Amino acid sequence: MSKDLFLPVIETERLTLKPLVLNDSQSLLEIFSDPEVMRYWNTPSWSTLQDALDFIDESAALMHRQEALVLGIYLKSTGELAGKCMLFSYDRESKRAEIGFGLGRVYWGKGYISEAGEALIQYGFTSLGLRRIEAEIDPNNHSSAKALEKLGFLREGLLRERWEINGIVSDSAMYGRLVSDHRT
Ligand SMILES: CC(C)(COP(=O)(O)OP(=O)(O)OC[C@H]1O[C@@H](n2cnc3c(N)ncnc32)[C@H](O)[C@@H]1OP(=O)(O)O)[C@@H](O)C(=O)NCCC(=O)NCCS
């Protein structure tokens, strides 16, 4: 596969999705150090600039190895970084990957995930040749569930007591969307 496939710049009406750069570290830290944003994440909130720098480095390495796409979500109007979205756990043979996304709190409720998510999904289906995109979320994460349903994902099941983080046990709700799914 061409290595540029894992370094895309994807344009939508209001957003540009493209790989993160070291200059994004401060904005990224502001977003992912917010406990509200990280509430349902399975990793702790970030606390230092190094957390953001490490994430950017690891993302670049994953993309270089063609194992994941990790893209910043930038507003076209101002150039601000609003969040990130990713396709990860990429299984080339099974033509499947997992989707994840997160926006800074001030960017919620503006339809940015509907817009960025659909563009990322189409890229996954058409350019990466995926057949299936899946998502695993905490069933209490209602805004994420709603965003996934708006993106045409079906809730396929519940994995009970799948996580234990800091002594707190939680289930996972599994969602999937197939390239062959017809959206209503
Ligand atoms: C999950 C998350 C990204 C969803 O963000 P969001 O802003 O609710 O989702 P969207 O960008 O799709 O916005 C949808 C809302 O914006 C509103 N909206 C405003 N302007 C809009 C526009 N121009 N187009 C579409 N929707 C618009 C819609 O009405 C919709 O609200 P409604 O569904 O209540 O009617 C966000 O809550 C988040 O970052 N959470 C923390 C991280 C996380 O938990 N990620 C999930 C793990 S994968």
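Within the chain, which DSSP H helices have Cα atoms that stretch 15 Å or more along the helix axis and a mean Kyte-Doolittle hydropathy of at least -0.5?
49-64, 112-126
Just want the answer: with Cβ charges of +1 for Lys and Arg and -1 for Asp and Glu, which residue in L5, S172, A68 is farthest toward the dipole's positive end in the chain?
Checking the options against the dipole of the chain, the answer is L5.
Name the residue farthest towards the positive end of the dipole of the chain from the options Y112, M86, Q122, assuming +1 on Cβ of Lys and Arg, -1 on Cβ of Asp and Glu, about the Cα centre.
Q122
Determine, for the chain, the count of lysine pairs separated by eight or more sequence positions (or lying on different chains) whose alpha-carbon distance falls under 19 Å.
Taking the chain as the scope, the lysine pair count is 11.
In whole Hz, with x marking every Gly and Pro, tabulate ³J(HN,Hα) for the range 68-73 from phi via Karplus 6.51 cos²θ - 1.76 cosθ + 1.60, θ = phi - 60°.
Result, rounded to whole Hz: 6, 10, 10, 10, x, 10.
Under a Cβ-only charge scheme (Lys and Arg +1, Asp and Glu -1), can you give me the dipole magnitude of the chain about the Cα centre, in debye to the nearest 20?
For the chain, the charge dipole is close to 600 debye.
How far apart, in nanometres, would the label points at K150 and S89 be if each is projected 7 angstrom from Cα along the Cα-to-Cβ direction?
Each label point is offset 7 Å from its Cα along the Cβ direction, giving 2.4 nm.
List the residues, sorted by chain then number, that are 5 or more residues from S89 or on another chain and whose placed amide H is less than 5 Å from its amide H.
For S89, whose amide H was placed from the backbone, the distant partners under 5 Å are E98.
Please work out the C-alpha center-to-center distance from the range 1-30 to the range 58-88 and express it in whole Å.
4 Å
Starting from the Cα of Q26, step 7 Å along the direction of its Cβ; do the same at Y40; then give the gap between the two resulting points in nm.
3.2 nm
Using a 7 Å offset from the Cα along the Cα-to-Cβ direction at both H142 and E13, what is the distance between the two label points in nm, to one decimal?
2.7 nm
In percent, how large is the relative contact order of the chain, given Cα pairs closer than 8 Å and 6 or more residues apart? Provide the component values of the computation, followed by the final result.
Working: 306 pairs, mean separation 31.6, N = 184.
Relative contact order here is 17 percent.
At 0.36 nm per residue, minus the direct Cα-Cα distance, what do M1 and T126 gain on full extension? Give it in nm, one decimal, please.
So the chain would gain 43.7 nm between M1 and T126.
Could you tell me the convex hull volume per residue, in Å³, taken over the Cα atoms of the chain?
Dividing the Cα hull volume of the chain by its residue count gives 122 Å³.
From the helices alone, meaning DSSP H stretches of at least four residues, give me the mean residue ellipticity at 222 nm for the chain, per-run term -39500 (n - 2.57), in deg cm²/dmol to the nearest 500.
-8000 deg cm²/dmol
Each value in this text was obtained by applying a stated rule to the coordinates, not by laboratory testing. Since the model is a prediction, treat every value here as computed from it, not as a measurement. Positions of Cβ are backbone-derived with ideal geometry, glycine not excepted, and every protein chain shown enters the neighbour counts.
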